[in-house]
1. Quick one: count up the residues across the range 266-276 that are surrounded by fewer than 23 Cβ atoms within 10 Å (Cβ to Cβ) and not small (Gly, Ala, Ser).
2. Could you check the range 162-192 and list, in sequence order, the residues that are near the ligand (Cβ under 7 Å from one of its atoms) and either part of a loop (DSSP other than H, G, I, E, B) or of a type in the set (Asp, Glu) (or both)?
3. Need the failing condition index for residue 133 against (1) closer than 24 Å to residue 261 by Cβ; (2) out of contact with any Asp or Glu (no Cβ under 7 Å at 6 or more places or on another chain); (3) among the hydroxyl-bearing types (Ser, Thr, Tyr), just the number.
4. On the given criteria, is residue 96 surrounded by fewer than 19 Cβ atoms within 10 Å (Cβ to Cβ), among the hydrophobic types (A, V, I, L, M, F, W, C) and outside any helix (DSSP H, G or I)?
5. Which one of 132, 144 is more than 15 Å from the ligand (Cβ to nearest atom) and either open to solvent by less than 70 Å² (accessible area, probe 1.4 Å) or more than 24 Å from residue 45 (Cα to Cα) (or both)?
6. Please state which of the following conditions residue 218 fails to meet, knowing it meets all the rest: (1) open to solvent by less than 50 Å² (accessible area, probe 1.4 Å); (2) among the hydrophobic types (A, V, I, L, M, F, W, C); (3) without any contact (Cβ under 8 Å) to a residue 40 or more places away in the chain; (4) within 15 Å of the ligand (Cβ to nearest atom).
7. Name the single residue, out of those in the range 78-96 being away from the ligand (no atom under 13 Å from the Cβ) and of a type in the set (Val, Ile, Thr), that is nearest to the chain's Cα centre (by Cα).
Amino acid sequence: MRIDEILTRDAGPGDPGPLFSFEFFPPKTPDGERNLQDALARLAPLAPAFVSVTYGAGGSTRARTIEIVKSIKRDHGLETMAHLTCSGATVAELHAILDEMAAAGIDNVLALRGDPPAGAARWSRAEGGLEYSHELVALIKDRYDFAVGAACFPETHIEAASPEADLQYLAHKVGAGADFLITQLFFDNAVYVDFVARAREAGIDVPIIPGILPITHVGQLERMTKLCGASIPPALERELRAREGEPEAVVDFGVAYATLQCAELLAAGAPGIHFYTLNRSPATRAILSALRLTATANTLA
Ligand SMILES: Cc1cc2nc3c(=O)[nH]c(=O)nc-3n(C[C@H](O)[C@H](O)[C@H](O)COP(=O)(O)OP(=O)(O)OC[C@H]3O[C@@H](n4cnc5c(N)ncnc54)[C@H](O)[C@@H]3O)c2cc1C
C-alpha cells in the first residue's frame, strides 16, 4: 500500500492511530545479515505501517536494497519503502533502477541526493546524473506511480547556505511531488516543533514524520551526529557522560529518553515515528511496545 494513502486514511473507528515505521540498512557481513534477520523477526510482530531500507552511500548497495525490500515484503508481509539516491548514477541508470523497483511491486520510494561515499569529504554529481533530490523527485513523479518521500532537516542540512535557503529548497522538493517528509534524527523536540511551524509558514503542507534514533552507544551517537549535524542538548550529554563506562546503563537511559521523546512528539501532533533501528531490535521494540500500551490505556480511559 502507498504510504501517502496510509497517512491520509480518515480517522474513525478503524483509525490505526499514529504511523510507526522502521529503517534498516543492507548489511555487509554474514554477522550483519544475522543481525538484520533477527531484528526483522522481532520487530515484524509490532506490525509497523512500513519498513524502509537504505541505499548505500555513493550508491553502493543498489541490488541489495531492492533484494532486501523484496524479501521483507515476501517473508514478513510488511509494507516497504526503498531508499534511492542520485549518487553515482546517470539518469538512464536511475530509470533502470526505478523500472526494477516497479517490477518488484515496490510502491514507495524515499528520494534522496545521497551521502558522500566513505572517505569522500563532499558529495559530487555523477556525469550525466542529478545534482539535487528535488530533481530525483521530479524524475520519479514524471514517469512512475510510486508514493515518494523525501528527507528534511529540522536543524538545517549540514551543507545548506542558511536555514531559510534549506527550507526554500525543501519547498521545491515538495513542489516537485514529494508526498511526505521524514526528518533527520534530533534529540530536542522543540527543534521539531519549531521546524514544522516554519515549514508550514513556507507553504509545505505534507506530513512531516519525525525520525528518532534510540541511543544505545555513546561513541556511535557522536559519530552519527557529527556526520549529520544534529545537536546533543547539554542536559542529555551530561546524563550520557554520567554513564560513561556503563554500556547497559546507556541503553536503559536511551530507551527511557526515546520513549518520552516519542510520546511527547505524538502528543504534539506528529503523524507517527520513523525509528532508525540500525538493524537492532531491543530498543525500538521496547519503546514502541510501551508507546502502544500507553495509547491503548489512553483510549480505554
Ligand atoms: C530519513 C533519511 C533517510 C536517508 N537515507 C539515506 C540513504 O538511504 N542513503 C544515503 O546515501 N543517504 C541517506 N540519507 C542522507 C541524505 O542523503 C543526506 O543527508 C544528503 O546529504 C542530503 O540529502 P537530500 O535528499 O536532503 O538532498 P537535497 O535535497 O538535494 O539537499 C542537499 C543540499 O543541497 C541544498 N539544495 C537543495 N536544492 C538546491 C538547489 N536547487 N540549489 C542549491 N542548493 C540546493 C540543500 O539546502 C542541502 O544543503 C538519509 C537522510 C534522511 C533524513
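The values are calculated or read from the model by the stated rules, or taken from the named source; none is laboratory data. Quick caveat: nothing in here was measured; it's all calculated off a predicted structure. A quick note on method: Cβ atoms are made from the backbone with ideal geometry, for glycine too, and the neighbour counts reach across all protein chains shown. Only protein heavy atoms, including side chains, enter the accessible area calculation; ligands, DNA and RNA are left aside. Shrake-Rupley method; radii C 1.70, N 1.55, O 1.52, S 1.80 Å.
1. The total comes to 3.
2. Across the range 162-192, the qualifying residues are 166, 184.
3. Here residue 133 meets the rest and fails (1).
4. The answer is no for residue 96.
5. From the options 132, 144, the qualifying one is 144.
6. Every condition holds for residue 218 apart from (4).
7. Filtering first and then ranking leaves 80.
Yes/no per residue for (1) touching a residue at least 60 places away in the same chain (Cβ under 8 Å); (2) open to solvent by 60 Å² or more (accessible area, probe 1.4 Å); (3) closer than 16 Å to residue 81 by Cβ:
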position	(1), (2), (3)
150	no, no, yes
165	no, no, no
175	no, yes, no
188	no, yes, no
207	yes, no, yes
